[in-house]
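See structure below.
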Amino acid sequence: MYYIRGMKHLVALFCIIIFLSSCESTQVVPVDQFPIDSTVTEVELENYINRAYIAVLNRKPTLTEQSSVFNQLNIDPYHRGIRTTFIESLQADPRARWTAWQFLSNRLVDGVDTVRLNEEIDAYSYYITNSGTDGEREYWQGLLDRSLAHFQAYEGWLAADTSYTQVMRRMFRLPAYDEINMGTENFVVSVYQHAFHRYPTDAELASGISMSDYNWSTLYSSNGNSREDFLAIITAQNEFRQGMIITLFEQYLSRTPDTHEIVFYLNLLNGGWEFSDLQLRLLTSTEYVNS
């Protein structure tokens, strides 16, 4: 009996010695000091560069561009200042404004592009010159005016002589927008959806319809009696700028902003920020880099 108990103690002591020896030989690496996986970092940077080019210029980078930007960002992959310089260089490209225009065109008027507009303008001008009757000329002139209005809105935006607010107002007034949203009620509802990301209330809808049909009406304490008045009132609201925040969050981050983000960016937009400033902020965010 005493022999068995003694053996149990010896076995236990032997196990403890082995356990302590194994602990002494184990090197514990602190969690915050794990070595960085360079392969993953390269993949992250390459994906970020590709997505940024597509977001701002609607194209992928060339191999030379990819290599140059990669070397630039790889100095410190998580330095926002370096990313800011990169995105600003893309925004300085004339194609950046075209890309923003094309996004709005796709969203508002089913993607009428500049190539199609030029073709339409040339064709309608030819038909006007070669029309045999006044009725034919009037018909083709109406179509030409429609295409010219769209092209003029595009040229103003491309030349940087219009703000996001102004170009949105111009696009809401395009004949193509009317054709898609036939009738005044559909027009008002569609403007609210595109500008505010919501349906109008009954009172807003009634005032918007009345004003857009050239009757005096009041909306958000402002009076008007035309579609231009209606659009001027809509685009002057804080909710319009909030709508731009929502639009860009959905476009770049694939989600809607929370209340804190809305308030934060709304203050910046009211303080002078424009479309390009908000675009820059989102495209240099850690969330976008890691998405």
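Structure summary
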quantity	calculated
Sole exception among (1) over 21 Å from Leu280 (Cα atoms); (2) assigned to a helix (DSSP H, G or I); (3) within 18 Å of the chain's Cα centre (by Cα); (4) at pLDDT below 90 for Gln141, by number	(3)
Residue tally, condition loosely packed, with under 15 Cβ neighbours inside 10 Å and within 25 Å of the chain's Cα centre (by Cα), over the stretch 187-219	3
Output for the stretch 210-258, where each listed residue is β-branched (Val, Ile, Thr) and either within 19 Å of Met168 (Cα to Cα) or in a loop (DSSP other than H, G, I, E, B) (or both)	Ile233, Ile234, Thr235, Ile245, Ile246, Thr247, Thr256
Qualifying residue in the stretch 138-159 (condition: free of Cβ contacts under 8 Å to residues at least 12 places away in the same chain, under 25 Å from Trp273 (Cβ atoms), surrounded by fewer than 19 Cβ atoms within 10 Å (Cβ to Cβ) and not assigned by TED's automatic domain parsing to the domain that holds Ile245)	yes
Residue that is surrounded by the fewest Cβ atoms within 10 Å (Cβ to Cβ), among those in the stretch 52-85 that are hydrophobic (A, V, I, L, M, F, W, C) and touching a residue at least 40 places away in the same chain (Cβ under 8 Å)	Leu57
Unmet requirement for Ile128, which otherwise passes all of (1) touching a residue at least 24 places away in the same chain (Cβ under 8 Å); (2) over 15 Å from Tyr48 (Cα atoms)	(1)
Any hit, the stretch 161-171, residues being small (Gly, Ala, Ser) and either without any contact (Cβ under 8 Å) to a residue 40 or more places away in the chain or crowded, with 16+ Cβ neighbours inside 10 Å (or both)	no
Every residue from the stretch 247-272 that is over 14 Å from Ala52 (Cβ atoms), buried (at least 18 other Cβ atoms within 10 Å of the Cβ) and either in contact (Cβ under 8 Å) with a residue 40 or more places away in the chain or aromatic (Phe, Trp, Tyr) (or both)	Thr247, Phe249, Tyr265
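Quick grid of which residues meet (1) within 20 Å of Thr99 (Cα to Cα); (2) not aromatic (Phe, Trp, Tyr):
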{"site": "Thr218", "(1), (2)": "no, yes"}
{"site": "Phe240", "(1), (2)": "no, no"}
{"site": "Thr247", "(1), (2)": "yes, yes"}
{"site": "Leu280", "(1), (2)": "yes, yes"}
{"site": "Ser285", "(1), (2)": "no, yes"}
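The values are calculated or read from the model by the stated rules, or taken from the named source; none is laboratory data. This is a predicted model, so every value here is computed, not measured. Note that each Cβ is placed from the backbone with ideal geometry, even for glycine, and that neighbours are counted across all protein chains shown.
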